[in-house]
């Protein structure tokens, strides 16, 4: 991967900074390319066969080190240029300066970065042109030798250019599933990338399928499907976020339907009032009191104290909501919930007591 030195006062050597995992093979530039076109391509001034090459993966930076050496006894003014058949915005040149002292050495770096959407944004798919994956390039070095004892500017000269090849290759995850001997074949990586682009979107969708089945994370468009899946009716009276919580707790609500616990949980999810499980019933924000009595029992009942004659209402309970002043409560919808969740033979009373702080 290195170039032999010449006997000129200026030396240049190219060294890739990344060790390639696979030795690249020339990719076919298109099935429609004729043999005559191939011969013309070989005669191109950039079509040199070079042992120095650089593999670029879209979206990942790679570097080519240019080592410069002044073998003469006079300082040199340097200029580094790159000429290749790839876009000029793919690379930039970083140098340590323009002056190279006698018998001195200096390094310049060619920074390459192929756009991350290289394979998706190619126009060949629309225009019918084949994709180009292999690029030829040369690094030109110009130097001006200046005699310190002379006021005359030296002649600008060109050192023999150093060719190198740039190979754009996709990274394939499927290579990890092959024996090591197959990973060293450049064509196999390009072939597997075709299958990866076809199947990987489905694999990624399966990896996050759990999120689509979670009402709190699923997209809004799938929410009606999840609601239908658990038999939960959607209503426009509730916000989408509130609907998500109710759908997620649907099975729990079904399990406790017709009970005091189930009604309290439903009202909690709807109104966002706390459950207050650590407080006595009468002090809770959602208070559900059942009215029990033995009725008139001879020898135990005292009229006017523990029992009355007439006016009793069996299977009756009272619901008291105690929201803060700034929490809105839709009484109509609350009554619909209670009617839906209570046993059909039960009756109830609803009270909404606003808590005031003063």
- Which numbered condition residue 220 misses (of (1) surrounded by 12 or more Cβ atoms within 10 Å (Cβ to Cβ); (2) without any contact (Cβ under 8 Å) to a residue 60 or more places away in the chain): (1)
- Task: Scan segment 183-194 and report the pairs whose first residue is at pLDDT 80 or above and whose second residue is surrounded by 17 or more Cβ atoms within 10 Å (Cβ to Cβ) and outside any loop (DSSP other than H, G, I, E, B), with Cβ atoms within less than 7 Å and a gap of 6+ or a chain change.
- Result: 189/175; 192/175
- Query: Within segment 330-346, restricting attention to residues that are surrounded by 12 or more Cβ atoms within 10 Å (Cβ to Cβ) and not in a helix (DSSP H, G or I), which residue is nearest to the chain's Cα centre (by Cα)?
  - Reply: 330
- Inter-residue pairs, beta-carbon under 6 Å, first at negative phi and in segment 241-258, second outside any helix (DSSP H, G or I) and crowded, with 17+ Cβ neighbours inside 10 Å, 6+ apart: 244/215; 247/215; 247/232; 248/215; 250/232
- Item | Single residue of segment 144-159 satisfying the filter (assigned to a loop (DSSP other than H, G, I, E, B) and either surrounded by fewer than 14 Cβ atoms within 10 Å (Cβ to Cβ) or within 43 Å of the chain's Cα centre (by Cα) (or both)) that is modelled with the highest pLDDT | 155
- Do we have residue 2 as outside the structural domain of residue 162 (by TED's automatic domain parsing), in contact with a strand residue (DSSP E or B) (Cβ under 9 Å, 6 or more places away or on another chain) and either under 15 Å from residue 140 (Cα atoms) or at pLDDT below 80 (or both) here? yes
- Note on the structure: Reported set for segment 332-341 where residues are touching a helix residue (DSSP H, G or I) at 6+ places or on another chain (Cβ under 8 Å), closer than 16 Å to residue 261 by Cβ and modelled with pLDDT under 90 is 337, 341
- Message: So, residue 327, is that one part of a loop (DSSP other than H, G, I, E, B), over 30 Å from residue 229 (Cα atoms), touching a helix residue (DSSP H, G or I) at 6+ places or on another chain (Cβ under 9 Å) and modelled with pLDDT under 90 or not?
- Response: yes
- Item | Wholly enclosed helices (runs of 4 or more DSSP H) of segment 171-248 bearing at least 2 residues under 26 Å from residue 119 (Cα atoms), outside the structural domain of residue 58 (by TED's automatic domain parsing) and under 18 Å from the mean Cα position of the chain (by Cα) | 186-207
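The values are calculated or read from the model by the stated rules, or taken from the named source; none is laboratory data. Quick caveat, the model's predicted, so the values are computed rather than measured. FYI the Cβ positions are ideal-geometry reconstructions off the backbone, even for glycines, and counts take in every protein chain you see.
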